[in-house]
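The values are calculated or read from the model by the stated rules, or taken from the named source; none is laboratory data. Remember, it's a predicted structure, so these values are computed and weren't measured experimentally. Positions of Cβ are backbone-derived with ideal geometry, glycine not excepted, and every protein chain shown enters the neighbour counts.
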Amino acid sequence: MDAILPLLLEHGRAVTSRQIAEAAGVAEGTVYSVFDDKEALIDAAVERHMELTSIVEAISTIPGDLSLDSTIEAIVELVQHRVREMFTLMAAIGFGPPDRHKARRIGQPDEDPVIPRVVALLEPHRAELRVAPRRAANLIRLTTLSMTHPILSEGEVFTARDIADLLLHGITVGHRPETTAPAAVATSSPLTTA
């Protein structure tokens with residue numbers, strides 16, 4: 001399955017059975033002993049790639065002793081890579097109608113396995129955050145997605161550093177006034193909701 005992804009990115013659905021078999025290192029007939037047809041194979045490869053396992057594993061490799069700045073930049077780099085890869089794949093193979101079960105599963109942030117990993121990386125920096133680590137994790141994800149997606153970003157290319165700087169420092173010149181307990185103070189601001 002992993003051998004098929006580069007072919008899909010390059011050829012889309014026009015990839016041939018022969019190319020797939022060569023990339024997998026098997027005979028063409030072997031491919032069809034497992035899958036009914038090329039479309040079933042492509043669908044299985046896409047579904048496997050859509051799983052969040054690879055990004056969860058990648059985020060798990062970020063060292064826990066980095067500064068908050070370096071931690072956020074590392075998370076953003078990995079999320080950007082994932083967003084770009086997914087958008088490229090979907091553009092190459094075409095956007096089909098959504099599978100309602102998958103869309104519902106993907107659309108539930110509480111079930112997203114990436115968020116707990118990001119929260120675990122942010123937890124040691126709780127005192128440096130104005131929001132709870134869980135909220136910060138969601139803001140990192142949403143900001144990175146919107147600033148990386150080629151349509152949402154209107155074609156502007158933002159680096160991981162650009163996004164990390166925005167998340168850490170906003171768009172103002174000065175710093176925000178200190179509060180007594182940055183992540184613990186409850187306010188009516190939607191940014192500070194836990």
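Key figures
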item: Filter pass, residue 81 being modelled with pLDDT under 85, part of a helix (DSSP H, G or I) and under 15 Å from the mean Cα position of the chain (by Cα); result: no
item: Single unsatisfied condition, residue 32 versus (1) among the aromatic types (Phe, Trp, Tyr); (2) within 30 Å of residue 162 (Cβ to Cβ); (3) not assigned by TED's automatic domain parsing to the domain that holds residue 151; result: (2)
item: Index of the failed condition, residue 110 passing every other in (1) over 24 Å from residue 159 (Cα atoms); (2) modelled with pLDDT of 90 or more; result: (2)
item: Hits in segment 52-66 - residues which are within 21 Å of residue 81 (Cβ to Cβ) and either part of a loop (DSSP other than H, G, I, E, B) or hydroxyl-bearing (Ser, Thr, Tyr) (or both); result: 52, 53, 54, 60, 61, 62, 63, 64, 66
item: Counted residues, segment 1-51 - those being assigned to a loop (DSSP other than H, G, I, E, B) and either among the acidic types (Asp, Glu) or touching a residue at least 60 places away in the same chain (Cβ under 8 Å) (or both); result: 4
item: Any hit, segment 53-64, residues being at pLDDT below 85 and within 30 Å of residue 162 (Cα to Cα); result: yes
item: Filtered residue count, segment 125-166, keeping only those that are part of a helix (DSSP H, G or I) and over 16 Å from residue 73 (Cα atoms); result: 4
item: Residue in segment 38-60 that is surrounded by 12 or more Cβ atoms within 10 Å (Cβ to Cβ), under 30 Å from residue 119 (Cα atoms) and of a type in the set (D, E, K, R) present; result: yes
